[in-house]
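Contents: one structure, followed by commentary.
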Amino acid sequence: MSVSEPVDPFAGDPYDPARALDDGDEATVPMDPADREQVLADLVDLEVFQALLEPAGLLGLTVDCGPCQQLHCVGWDLLRSNLRALLDAGTSPVHEPAFSPDPARYVSWDYARGYADASMLERD
Ligand SMILES: [Zn+2]
């Protein structure tokens, strides 16, 4: 829990209008098949990136976080579980950045993709 989280103006208010949204609503909205495909492809990419980059000492990827408007450094395991949660629930439950991460040990998704592409070429 971040101290920079905005305070819920209805905290402690029994008539919190947001409560109605939670009421017994266990049904999840099925994911758009195209989105699902994209997440599956991301999971495959993630495996490749981790296999290539983890031995080089990298701990994960930086993720552009919409709600926070900043980059988070996210470890391999959390990246994977976030993608799996997306598949299961249609939403990613957390943006849980690593605790005081070393930004030098995280790279962007695009960087990882470029690195992976380059190392595929080297193999030929
Ligand atoms: Zn965030």
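Coordinate-derived values only; no laboratory data. Quantities reported herein were computed from a predicted structural model and do not represent experimental measurements. Note: ideal-geometry Cβ built from the backbone for every residue, glycine included; neighbour counts use all protein chains shown.
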Identify, among L53, M31, G66, the residue whose Cα sits farthest towards the positive end of the charge dipole of the range 31-123, taking +1 on the Cβ of Lys and Arg and -1 on the Cβ of Asp and Glu, with the dipole about the Cα centre.
L53
Given just the C-alpha atoms of the range 31-123, how large is their convex hull per residue in cubic angstrom?
102
